[in-house]
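The values are calculated or read from the model by the stated rules, or taken from the named source; none is laboratory data. In this text, all values refer to a predicted model and were calculated from it rather than measured experimentally. When we count neighbours, we look across all protein chains shown, and the Cβ atoms used for this are built from the backbone with ideal geometry, even at glycine. Remember, those area values only see protein heavy atoms, side chains included, never the ligands or the DNA or RNA. Shrake-Rupley method; radii C 1.70, N 1.55, O 1.52, S 1.80 Å.
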Amino acid sequence: MGHVLVDDSVFHVFFDKDAAPVARACSGDLATFVCRDCYDGEIAHDYFDFKKINMKNNNPASGPLYVEGAEPGDVLKVEILSIDLADHGCMSARPGVGVYEIDAPVCRTFSIHDGCGDIDGVLIPLKPMIGVIGTAPAGEPESTQTPGEHGGNLDIRNMNAGNTLYLPVNVPGALLSMGDLHGVQGDGETVICALEAPGRVTVRLTVLKGRSVPTPFLVSPTHYMTTAADASLDVCSVQAARKMHRFLMEHGHLDAAKAGMLLSLQGNLRISQVVNPKKGCIMEFPKGLIPIDFEE
Ligand code: CA
Ligand code: CA
């Protein structure tokens, strides 16, 4: 088993099948991605002038990493082993983005200490997560601003260490990239950003052949989570729920009515974010309630 380093000296802002890989890994290898923050480190001090930030480099993703043997139709299993953040983070709140009425842009930096983000004395326990993680789509490049079936700017607060993400392999080598690490984020990410921080993520990568997985699919020690993204919350909420419905029928061997009833009782349909070009929802269903033949 190898351990590959993907540093942050090269980054991209499009998931692109034609992007040159920066490193190569084999199935079973560990990979550590060093990631810049979503503002590419440009919020240099507290109350920084937003106009000075070059937003062309927003959401820089480190990679792509070529995974040997990954072919279109396979699934890439990404076990998130650790997320280590710097001792500081930043946020912005701006007019015209997010869901709130904000008069003028404000960029802030905050310290991270004792396992908390220190928001002017309000200590928020960290729950470090990956905002942007995905593989290259088969077709046109996808901006790192946008979530989709390839992954991308998912901003799901459950993208934590200890959980496992399953991504589609659309092109040879999968071309995995990630960035946009968050110290902590609430459902919705309503002001436009989370506690943005640079850091490093270590994952174990496994190429799965011939597996039926409703990608992008997230599994925690307690829950299965299906995901969907669309410009309309009405659309992606139904898509996320129906992905889990199909998962329960296929892997829980339930008929459509029974799967629907169980989901209505124990499935939580949640908003992941409402601030990206496509909004995101997840449907989560508890493990252990019924036998599921999905092999992690
Ligand atoms: Ca994001
Ligand atoms: Ca972010």
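Filtered by the rule that a residue be in a strand (DSSP E or B) and either aromatic (Phe, Trp, Tyr) or under 28 Å from Phe217 (Cα atoms) (or both), segment 118-142 gives Ile124, Pro125, Met129, Ile130, Gly131, Val132, Ile133, Gly134, Glu142. Restricting to segment 263-283, count the residues that are part of a strand (DSSP E or B) and aliphatic (A, V, I, L, M). Of the residues in segment 263-283, 4 are part of a strand (DSSP E or B) and aliphatic (A, V, I, L, M). If you scan segment 143-183, which residues turn out to be acidic (Asp, Glu) and part of a loop (DSSP other than H, G, I, E, B)? Scanning segment 143-183 gives Glu149, Asp155. Residue-level check: of (1) without any contact (Cβ under 8 Å) to a residue 60 or more places away in the chain; (2) not in a loop (DSSP other than H, G, I, E, B), Arg108 misses just (1).
With respect to being assigned to a strand (DSSP E or B) and open to solvent by less than 10 Å² (accessible area, probe 1.4 Å), Met244 falls outside the description.
For Asp7, the conditions (1) more than 16 Å from ligand 1 (Cβ to nearest atom); (2) of a type in the set (Asp, Glu); (3) open to solvent by less than 60 Å² (accessible area, probe 1.4 Å) are fulfilled apart from (3).
Of all residues in segment 227-234, at least one satisfies being closer than 16 Å to Asn163 by Cβ and in contact (Cβ under 8 Å) with a residue 24 or more places away in the chain. If the condition is being closer than 22 Å to Gln145 by Cα, of a type in the set (Asp, Glu) and crowded, with 18+ Cβ neighbours inside 10 Å, then segment 17-41 contributes Asp37, Asp40.
Rundown of residues vs (1) within 16 Å of ligand 1 (Cβ to nearest atom); (2) on the phi > 0 side of the Ramachandran plot, yes/no style:
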{"residue": "Phe50", "(1), (2)": "no, no"}
{"residue": "Asn59", "(1), (2)": "yes, yes"}
{"residue": "Pro64", "(1), (2)": "no, no"}
{"residue": "Pro72", "(1), (2)": "no, no"}
{"residue": "Val78", "(1), (2)": "no, no"}
{"residue": "Gly89", "(1), (2)": "yes, no"}
{"residue": "Pro95", "(1), (2)": "no, no"}
{"residue": "Tyr100", "(1), (2)": "no, no"}
{"residue": "Cys116", "(1), (2)": "no, no"}
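Show the residue pairs meeting these rules: Cβ distance below 7 Å; 6+ apart or different chains; first residue within segment 130-148 and more than 16 Å from ligand 2 (Cβ to nearest atom); second residue at pLDDT below 95 and open to solvent by less than 10 Å² (accessible area, probe 1.4 Å). That search, which allows pairs on different chains as well, returns nothing.
Return yes or no: is Val97 part of a loop (DSSP other than H, G, I, E, B) and within 15 Å of ligand 2 (Cβ to nearest atom)? Spelling it out, Val97 is indeed part of a loop (DSSP other than H, G, I, E, B) and within 15 Å of ligand 2 (Cβ to nearest atom). Taking (1) within 15 Å of ligand 2 (Cβ to nearest atom); (2) at pLDDT below 95 in turn, Ser212 satisfies each apart from (1). If we keep just the residues of segment 61-89 that are of a type in the set (Ser, Thr, Tyr) and within 15 Å of the chain's Cα centre (by Cα), which is surrounded by the most Cβ atoms within 10 Å (Cβ to Cβ)? So, considering only residues that are of a type in the set (Ser, Thr, Tyr) and within 15 Å of the chain's Cα centre (by Cα), the one surrounded by the most Cβ atoms within 10 Å (Cβ to Cβ) is Ser62. Exactly one residue out of Pro125, Pro141, Pro168, Pro198 is open to solvent by 10 Å² or more (accessible area, probe 1.4 Å) and in contact with a Phe, Trp or Tyr (Cβ under 9 Å, 6 or more places away or on another chain), and it is Pro141. Out of the residues in segment 96-122 meeting the condition of being among the β-branched types (Val, Ile, Thr) and over 26 Å from Leu233 (Cα atoms), tell me which one is surrounded by the most Cβ atoms within 10 Å (Cβ to Cβ). Only one residue tops the list, namely Ile112. Filter segment 171-195 down to the residues that are surrounded by 19 or more Cβ atoms within 10 Å (Cβ to Cβ) and more than 16 Å from ligand 2 (Cβ to nearest atom) and list them by number. Those that are surrounded by 19 or more Cβ atoms within 10 Å (Cβ to Cβ) and more than 16 Å from ligand 2 (Cβ to nearest atom): Val171, Gly173, Ala174, Leu175, Leu176.
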